[in-house]
Amino acid sequence: MAALGELMAGTAHEINTPLGAIQASIWNIHRSLERSLTQLPVVLEQLSPELWAEFQLLLSWAQATQEPESSREERQLRRQICQSLADLGVAEAADLAPSLSQMGLTQSLEPVQQLLLSPQAAFAIETIYNIAAIHSNSHNIQVAAERANRIVAALKGYARRGDTDHKIRASIAAGIDTALTLYHNQIKHDIELTKHYEAVPEILCYPEELLQVWSNLVGNALQAMRGKGSLAIAVSQTTTDLAVSITDSGPGISLEDQQKIFTPFFTTKPSGEGCGLGLSIVSKILDKHNGRIELQSEPGKTEFRVFLPLDRPGEHPSQVPPPSA
Ligand SMILES: Nc1ncnc2c1ncn2[C@@H]1O[C@H](COP(=O)(O)OP(=O)(O)OP(=O)(O)O)[C@@H](O)[C@H]1O
Ligand SMILES: [Mg+2]
């Protein structure tokens, strides 16, 4: 139950993040659209045909570029733009540079020199900034929606397989990757993730239950590292088994605790954070697969190694998996 609860909480969290990004982007689009709709008629009225042509050119650049990745990059670009504006003879270089750098413009500004030197420069740039924001925010929505889609697709793949009470042949690496997808948000910032997957055969297993094994082990590793450290995952093969190793750089488990961690309700976490069921569920699921788990831990390096028996020649799934839609 704890494992399933954790998986669901993780999933809700993972889907919540792109949804939050979508909401924020929609709000930005709303605001930028309102502004540009009032600004555009003024620009059209005030700009001569020559300046209007330069306005359109600058707008096309802004729509084709991405915003700078970091504020450091943005500051660097702002200094460059400020310098080139000053070289072109623009008096308000320092005022105009921030909007241009936030749009990520790296082109030579000479082709739009007349516009930048005109009294309408600041207003024109602000208008372009707002129109470009509509563009970049719709791009953000697209990226976030794709991410939410991937999470749902990963779960759907498992839900379908969960229909059966019989073992089916499945890829272990795909199951581990699904667990990693669910924890993506907790991993992406300060966890250095390394994966070494050897080409191993699929095995007869209960994939949805193994997903709980991987998500419990990865979840424990992430909790132990408190958001910062390295996580290494390896898949390999011995003569009889498929081996999965999950190593974290957290504080480790004392010898005394190592005797207890597979006991139901043993936890060192504050109440509300863990109920001590994860690893007991892991051992139950591995028993059902005739597999086993080993542990090696010292401060800074904790490795859980899972062994699952490879299929014996002639072994067949007791049920053909439903065709994937
Ligand atoms: N990678 C790890 N590093 C350090 N300690 C660990 C690690 N994995 C497990 N432990 C220890 O083992 C204990 C039991 O783990 P288990 O997954 O069974 O329960 P939990 O994580 O405390 O709670 P739950 O999984 O039910 O949310 C943990 O409380 C922790 O002390
Ligand atoms: Mg746990």
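Couplings 3J(HN,Hα) for the range 67-77, derived from phi with the Karplus relation 6.51 cos²θ - 1.76 cosθ + 1.60 (θ = phi - 60°), are 4, x, 5, 10, 6, 5, 4, 5, 5, 5, 5 Hz, where x marks Gly and Pro.
For the peptides 63-71, 290-298, the ranking by packing is 290-298, 63-71, with the highest mean count of neighbouring Cβ atoms within 10 Å listed first. A simple rule links phi to the HN-Hα coupling: the Karplus curve 6.51 cos²θ - 1.76 cosθ + 1.60 with θ = phi - 60°, which for the range 238-248 gives 9, 5, 10, 10, 9, 10, 10, 10, 10, 10, 10 Hz, with x for Gly and Pro. Dipole magnitude for the chain: about 800 debye, using +1 per Lys or Arg Cβ and -1 per Asp or Glu Cβ, origin at the Cα centre. In percent, rounded to a whole number, the relative contact order of the chain is 17, using alpha-carbon pairs under 8 Å and six or more apart. Rounded to the nearest 20 debye, the dipole magnitude of the range 40-151 is 460 debye, with +1 charges on Lys and Arg beta carbons, -1 on Asp and Glu beta carbons, and the Cα centre as origin. Where Lys and Arg each count +1 and Asp and Glu each count -1, what net charge lies around S118 among other residues with Cβ under 13 Å from its Cβ? Its environment carries a net charge of -3. Using a probe radius of 1.4 angstrom, the carbon and sulfur fraction of the accessible surface of the range 11-142 is 54%.
Derived from the Cα gyration tensor, the three semi-axes of the equivalent ellipsoid of the chain are 55, 22, 17 Å, largest first. Computed from Cα atoms, the angle from the helix 207-225 axis to the main principal axis of the chain rounds to 70 degrees. Using the rule -39500 (n - 2.57) for each DSSP H run of four or more residues, divided by the residues of the chain, the 222 nm mean residue ellipticity is -19000 deg cm²/dmol. Checking the cross-link pairs K167/K288; K260/K284; K195/K228; K195/K288 against a 22 Å limit on the alpha carbon distance flags K195/K288 as lying beyond it. Along its first, second and third principal axes, ordered by size, the range 162-284 spans 38, 30, 29 Å in Cα coordinates.
Solvent-accessible surface of the chain, averaged per residue with a 1.4 angstrom probe and all protein chains in place: 55 square angstrom. Helix 2-46 and the longest principal axis of the Cα set of the chain meet at an angle near 10°. Phi angles across the range 185-194 convert, under the Karplus curve 6.51 cos²θ - 1.76 cosθ + 1.60 with θ = phi - 60°, into 3J(HN,Hα) values of 5, 7, 8, 4, 7, 10, 10, 8, 9, 10 Hz, Gly and Pro given as x. Average projection, convex hull of the Cα set of the range 9-98: 8.3 square nanometres. Given I134, N216, L96, which one lies farthest toward the positive end of the charge dipole of the chain, if we put +1 on the Cβ of every Lys and Arg and -1 on the Cβ of every Asp and Glu? Farthest towards the positive end: N216. Helix 49-64 versus the longest principal axis of the chain: what angle, 0 to 90°, nearest 10, using Cα atoms? Helix 49-64 and the main axis of the chain meet at about 10 degrees. Let me have the relative contact order for the range 259-300, percent, based on Cα pairs under 8 Å that are six or more residues apart. Normalised by residue count, the contact order of the range 259-300 is 28 percent. The dipole here belongs to the range 127-242: it is taken about the Cα centre, uses +1 on the Cβ of Lys and Arg and -1 on the Cβ of Asp and Glu, and is about 300 debye. Across the options F55, A145, W27, the greatest Cα extent toward the positive end of the charge dipole of the chain (unit charges at beta carbon of Lys, Arg, Asp, Glu) belongs to A145.
The values are calculated or read from the model by the stated rules, or taken from the named source; none is laboratory data. Source: prediction; values computed, not measured. Positions of Cβ are backbone-derived with ideal geometry, glycine not excepted, and every protein chain shown enters the neighbour counts. What goes into the accessible areas is simple: the full protein's heavy atoms, side chains included, and nothing from ligands, DNA or RNA. Shrake-Rupley method; radii C 1.70, N 1.55, O 1.52, S 1.80 Å.
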